């Protein structure tokens, strides 16, 4: 069994829109701060935290849109594997819920 990631919640900004529940800033370990972590809740009840991303820009500076008309985003940071991603997500959700019970509902 792997140990939980050492995540400390720095800020929580609730925003409810579709699956989005808000944005968190956390400190990972002793030195790395990560801002604009989107926190979502699936209609089936599972909450998850997504690392920050940025919109993809076209050559003319406009935001690229997918076939569905929504902006396309590119990752800024990326986990080496799904297990690390899941551990991070679980630790972020736990940190948010510890200080803000029900925030990710």
For residue 12, are the conditions met, namely being in contact (Cβ under 8 Å) with a residue 12 or more places away in the chain, closer than 12 Å to residue 95 by Cβ and either surrounded by 15 or more Cβ atoms within 10 Å (Cβ to Cβ) or under 13 Å from the mean Cα position of the chain (by Cα) (or both)? yes
Could you look through the stretch 1-58, keep only residues that are in contact with a helix residue (DSSP H, G or I) (Cβ under 6 Å, 6 or more places away or on another chain) and not in a strand (DSSP E or B), and pick out the one that is farthest from residue 76 (Cα to Cα)? 4
What residue, among those in the stretch 21-51 that are over 13 Å from residue 93 (Cα atoms) and within 12 Å of the chain's Cα centre (by Cα), is surrounded by the most Cβ atoms within 10 Å (Cβ to Cβ)? 34
Cross-chain or 6+ apart pairs with Cβ under 8 Å, the stretch 67-94 first and surrounded by 13 or more Cβ atoms within 10 Å (Cβ to Cβ), then in a helix (DSSP H, G or I): 79/85; 79/88
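Test residue 64 against the stated conditions and say whether it is within 17 Å of the chain's Cα centre (by Cα) and modelled with pLDDT of 95 or more. Walk me through it before giving the result.
Details: within 17 Å of the chain's Cα centre (by Cα): no; modelled with pLDDT of 95 or more: yes.
Criteria not met by residue 64.
The values are calculated or read from the model by the stated rules, or taken from the named source; none is laboratory data. Predicted model, so just to flag it, every value in this text is computed and none were measured. Ideal geometry is used to build each Cβ from the backbone, glycine not excepted, and the neighbour counts take in all protein chains shown.
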